[in-house]
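Worksheet for the structure shown next.
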Amino acid sequence: MDVKDYRKRIEQRLAQESSSAKSYSDLLDESTSPAERVKGLSEAVGPRAEADLAGAFAVVRNTSEHDDVRVAALASIATAAREREDLLDFLLRLLQDRDQAVVLRRAALTLLLQLRFNSAVLNRKRADFISALRTIVDDPDYQLRSDALETLAQEKDEYVQRRLMDSLTNEGPRLVEPEKAIQLLGYDIHAEQYPFLREVVRQSPSAAVKREAVRLLSADPTSKDLLVDMFRDRAENDEVRRASATALLSLAPEEFETYAREVVLDEQESDSVRAACLSAFGHFANPTERANDGPLNEYLLDLHGESASGPLEKAVRDYKMKYRVE
Amino acid sequence: MRTDITLNGSTSATSRYVGWAPSPGEVRLSDPAGAVSPVTVTLRNQQPNVGGQLVFSSAPTQPGTDTLDLVLPIDGSPVPFFTAGRFGAPSERDADAGIEVAEASGAVLSMTQLMVRVRKDANTLTDGERDRFVAAFATLNNRGLGRFSEFRDMHRNEMLAEAHGYDGFLPWHRAYLLDLERELQGIDASVTLPYWRFDQPAPYLFTVEFFGETDPFGTVRFAANNPLQFWKTDQGDGINREPRFNAATEPARDQFGPVRTELATLALGDVYGDFVKMEGNPHARAHTSFGGFLRNAHTAPKDPLFFLLHANVDRLWAMWQWVKKRFDVTVTGTYRFLGQAGQANAERIGHNLLDTMWPWNGDTAIPRPTTAPGGPLAPSVVSSAPSSMPTVGEMIDYQGKMNTGARLAFDYDDVPFEL
Amino acid sequence: MTSPHFSSATPEEAIAAWVRAGSRSEQFRAALLALLPEQVLLYAGRSTNETTRIRGHILATFERIGLPTGVLPYVIEELESGRDAYLVAAAAKAIRGGHVSDCKYLVPFLNKAIRNMQYLDSPVSFETYKALRWPVAQSTTALREIQRTLAWLNIDEEKDTVVDCCDTSSPVLRTVPVSGSIATVELEDQDGKRLRFSDFFVGRPSIVVFFYSRCDNPNKCSLTIAGLARLQEALDSGNLKDRVALAAITYDPLYDGPARLRSFGEHRGVRFGESVRFFRSTSGLDTLRAHFDLGANFIGSIVNRHRIELFILDARGAIVGSFNRLHWDRDTVLQQVEVLVQQNSVREPAIRGVAVSVLSGVVPGLIALLPKCPLCLGAYMAALGVGGLQLMPSWPWLLPALTLIMFVQLFFVFQRSKRSGRRLPLAVSICGSAAVLAGSVFLTLPVVASSGVALIVFGSLVNSIPRNNPLPPQAPAR
């Protein structure tokens, strides 16, 4: 590729891009079409002058404007809000104000989440942000609620951990689906949650719920036997079994090796679980032990999955290549 | 008669990797049998138009050509040359490129295999490139026991001011990715860190064979032979990632719309102070296009996709640097503050051109974080830059355009080296 | 008010109510202080969050009831290492239960807490225990409480220089010989090799730290292990490689298998070798806990709270020094170990060896620390306290050591009192020393002995309160 031509092409496209951009004040103007305003505002670098910033706020506050335009106007203040505490406070208030349109409140949350990446000012106001999120944990809007729960869970918030457990054990209102609640607890798993999670694994009829619980139990040495049972139970859902295998590989690698070997050698077993076990061997096992495992290596010479391009076939191929099984 | 080639200061095969920026080499007559006077040889591609392709020059300031004639003294003294990948023709696997040294008669005196190793669009990798990358990344994580945990620990809430919210956002992440890539290359030297072009659909990337598909609850599923199924961070198994867009057919988008396109990002401005606004859109917007780990800076590195997202952010900076010719660290268009912390108008420490960067500098004095995970930046056999405790400034001339010794030995498939 | 017999089964709300109801009295302060060590039964089997809530509630209460000196190590610990907004806020509040002039020395720690909490701050409430809905009527944050305390101290964070007041290591005199069940505790190292406790810890002096890999406070376990790596570098460069053993033992042996031990050490710069090993106990964890009197508690097998702990063992495996709760200083640890190495090389008779090691190794450390900071002294003496004196019947050589410490202390108080012209501190310190000797040597009266310690601490504090300059001129330290 000729670099000079390449440069010329890019520079031409850049020139077009720059010339087609509308000015920020035009985008705030109602005479511009709504579609153009939405697109332009959501991509805009934002207001550079105070007057433009005031104009953007006028659009955000104007209830007669289309919601999409108000949301786009809010998006456009992102760069300005980065260093301005007053704008950040406005966003925090908007987020908690149930009198405002939900779509606008969601936009405020999205913007705050973006600003968490690039606003040192907001990060110094973390406590205010956390407080605002806790306030919307009980919001009637599912999206706001679940986004707040997720962020708080990621921040290891003690309040939200209690609320999630209460939700799961029916001691408090249900906040999100059980699968999601368990997944969120996983951001900061605590020992007192293990007994409940073990019960979930034993009792839940939902494979998704079980799998999420198994993911969390991978940090609990006392759940090892249960994980072995789940892994070895052929009647169990494959996803749950694979999650159990992953958990065991981390928690009790020697036992994983013993049972995984059995699974690989068992032709009645599911290809998916066998492939997962072989993949673990192929990437994380002790090379000397694998190279010396004559019976397994011999067996693998003739092992084929359901299709040549299937996961089992690929896992066998990778294993043989890694340990030079020929 | 026989010749030997030294590349990147070594005769070892481990140093035989080049990008678009010229790598230094030397060729010498190791066996002059039959020669009575200096021998004229030609350096050329071993297999024209197959595998990675090379260009050659006698100085880094000269444009590369497909062949280069050199005169080798009979006493075996080395003759310097430079070689680089031919832009647009990177390797697909290790050692698929080669330098052939031929006599005027056409007799081949030596063949040296190497790789034109550049970072590529993840969506365009071959299956082999994909599988090697995935395997190396899974090994670096090693079920939560590997060195990846240090990279995870470098990017937590309490450390974010080192990396985000100030001008050093781009250089800090460049060092971060380079450190990670060098660790990956320590596992498999043929691997580079691919980038996720978040302004384009990436159907190949978001598959169970590669970086996984998401189930309705935001848990990432992998093929049964994909080692990323054993991914573990912070004692937790697996990855939570919930795209708020159709990852197979759409570019990343959040509630505000799609991320800023590549062109719109390049059009942000001619000077660094304007360009770095991309930390918001597209960077942060790409993050908030997901639920799960990526949505929060504190948890984002728990998802390996984070590093591909940031490779694209870095690529955009590299592309901007190329388009706007911003490699000269003596002008403020390249970087806003050219001094160091403590001077008038300086940014927070770690964000000024002459400041060293945490955690590689090991600095845990206030206001830096209390710990500095990971130690010095991983060295490379291909380049001696940057220093183990790099400054912001060392991240800028990454191709060694202004100073050949500053070359960081990475390139992007679509960002050329241009004299 | 005496402390009720709280057990692990006592509902936390009942404990909180009792704490809330307590009055501003010496007895109540003592009762609350007694609930702060991690080992107390109260915390056994409780979750980390519950443990945090209880401890935070207790710490914050000292603002209302007055701050006894013995609480200072816990306050400093939170300011220095804490990352939980509730506990750090509580620690900042607790300071305001003391006297302004006594607490100026805490400014550097408050500044450390600002650094720790700057991006981790959270809303907390000390009025509503375990809030069920948010917002609550009154809430605050760690940074707000720190600022309030700085304002209370009349310190302007922007203007006043950050100065570290003192070395924060806290050597504690306790010697326990390796004998009986501890000798046979079975350990497994980072390579899966098994051995008995005495196999590794007898034969040369050693330094042992405790940690666990899933500790989510990098200011504790991660920093401890990184510090161990720096100790290793210093030992190697000081030609002490293999003459001093380094070990880290996990609190979490079920989870921290060999691979995890290795990974945690290597990632923090530890280079493993025959004399540098990480262990988990495969049997006898309770024996280990008792032997080292570990400042940790558990829910099931998982740690719910722990302090920073480093122990120095002599060549017989006897504990001759410990640094706990606060960050230890590498050079102070090295200094003590070097003395032990010298003694080990001349092969002193066993008992005398222990005695000399304590006198030569620990006492100089204490003496070195004595004049620098009265609060440190108070903290150390409190840690020493009755527990240390109770060991004395079986370790009669400790008497001269303690006596020496007290006389050194008296000497410094005397000197300072000459400079300042104040006589009260000297008088109080003399009374305190007399009470300690009377209560622990001539009579077995722990109450008298501890009152003596309190008097010494008080004397030291009063003695060190500057009349004009609130901060001693010392070099900033990292």
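The numbers here are math on the coordinates, done by the rules we state, and not lab data. Quantities reported herein were computed from a predicted structural model and do not represent experimental measurements. Cβ atoms come from the backbone with ideal geometry, glycine included; neighbour counts cover every protein chain shown.
Shielding value for B:284-292 is 5, the average number of Cβ atoms from other chains within 10 Å of each residue's Cβ.
Inverting the mean 1/r over all pairs of different Cα atoms, compute the Kirkwood radius of segment A:208-326 and quote it in Å.
Working: mean 1/r = 0.0696 Å⁻¹.
Computed over segment A:208-326, the radius equals 14.4 Å.
Listed by chain and number, the aspartates and glutamates whose alpha-carbon sits under 18 Å from that of residue C:104, ignoring those within fewer than 8 places in the same chain, are C:63, C:77, C:78, C:80, C:145, C:156, C:157, C:158, C:160, C:164, C:167.
Which log10 I(q)/I(0) values does the protein assembly as shown give at q = 0.05, 0.09 Å⁻¹ under the Debye formula, counting every alpha carbon as one identical point scatterer? Log10 I(q)/I(0), no solvent term: -0.39, -1.23.
Pairwise Cα distances in chain B exceed 28 Å in 50 percent of cases. Kindly list the residues of segment A:22-58 that lie in the label zone of residue A:93, defined by a backbone N under 19 Å from the point 7 Å along the Cα-to-C-beta vector. Hits in segment A:22-58 for residue A:93 at 19 Å: A:51, A:53-58. Could you give the Stokes-Einstein D for segment B:34-104 in µm² per second, using the C-alpha Kirkwood radius, 10 °C, 1.306 mPa s? For these conditions, the coefficient is 123 µm²/s.
With a 10 Å Cβ neighbour count serving as the proxy for reagent exposure, in which order, fewest first, do B:355, C:286 appear?
Neighbour counts put them in this order, fewest first: C:286, B:355.
Under 15 Å of direct C-alpha separation, and excluding same-chain neighbours fewer than eight residues apart, residue A:22 reaches these aspartates and glutamates: A:30, A:36, A:43, A:52.
Oblate is the label for chain A. Its Cα gyration tensor axes, ordered a ≥ b ≥ c, give a/c of at least 1.5 and b/c at or above a/b. Label sites at residue A:83 and residue B:332, each approximated as a point 7 angstrom past Cα along Cα to Cβ, lie 1.3 nm apart.
Going by how many other beta carbons lie within 10 Å of each one, how would you line up B:55, B:39, fewest first?
So the ranking, lowest neighbour count to highest, is B:39, B:55.
Can you give the translational diffusion coefficient of segment B:157-268 in µm²/s, computed by Stokes-Einstein from the Kirkwood radius over Cα pairs at 10 °C and 1.306 mPa s?
It comes out at roughly 96 µm²/s.
The slack in the chain from residue B:31 to residue B:49, taken as 0.36 nm per residue of separation less the alpha-carbon distance, amounts to 3.5 nm.
Scan segment A:188-262 for trypsin sites (Lys or Arg not before Pro) in coil per DSSP, keeping those whose Cβ has at most 15 other Cβ atoms within 10 Å, and list them by number. It would help to have the intermediate numbers written out before the result.
Values: sites: A:198, A:202, A:210, A:211, A:215, A:224, A:232, A:234, A:241, A:242, A:261; in loops: A:234.
Taking segment A:188-262 and a limit of 15 other Cβ atoms within 10 Å, the loop trypsin sites (Lys or Arg not before Pro) found are A:234.
When B:14, C:224 are ordered from fewest to most other Cβ atoms inside 10 Å of their Cβ, what list results?
B:14, C:224
Rounded to the nearest 20 debye, the dipole size of chain B about its Cα centre is 520 debye, using +1 on the Cβ of Lys and Arg and -1 on the Cβ of Asp and Glu.
Using the Cβ-Cβ distance between residue B:104 and residue A:291 with R0 set to 56 Å, the FRET efficiency works out to roughly 0.65. Sorting B:270-282, B:377-389 by their mean Cβ neighbour count within 10 Å, with the most densely packed peptide first, gives B:270-282, B:377-389. With 24 Å as the limit on Cα-Cα distance, the pairs of A:39/B:277; A:180/B:232; B:232/B:277; A:210/B:232; A:8/B:324; A:4/B:120 that go past it are B:232/B:277. About its Cα centre, chain A has a charge dipole of approximately 880 debye under the convention of +1 per Lys or Arg Cβ and -1 per Asp or Glu Cβ, with nothing else charged. When only alpha carbons are used to place a centre, segment A:1-69 and segment B:239-299 end up 17 Å from one another.
For a paramagnetic label modelled on residue B:11 (point 7 Å from Cα along Cα→Cβ), amide N atoms under 18 Å away belong, within segment B:103-145, to B:109-114.
Counting only residues at least eight positions apart within a chain, or on another chain, the lysines with an alpha carbon under 20 Å from that of residue A:125 are A:156, C:112.
Please identify which residues in segment B:312-348 have an amide N closer than 20 Å to a label point set 7 Å out from the Cα of residue A:15, following the Cα→Cβ vector. Only B:320-326 pass the distance filter.
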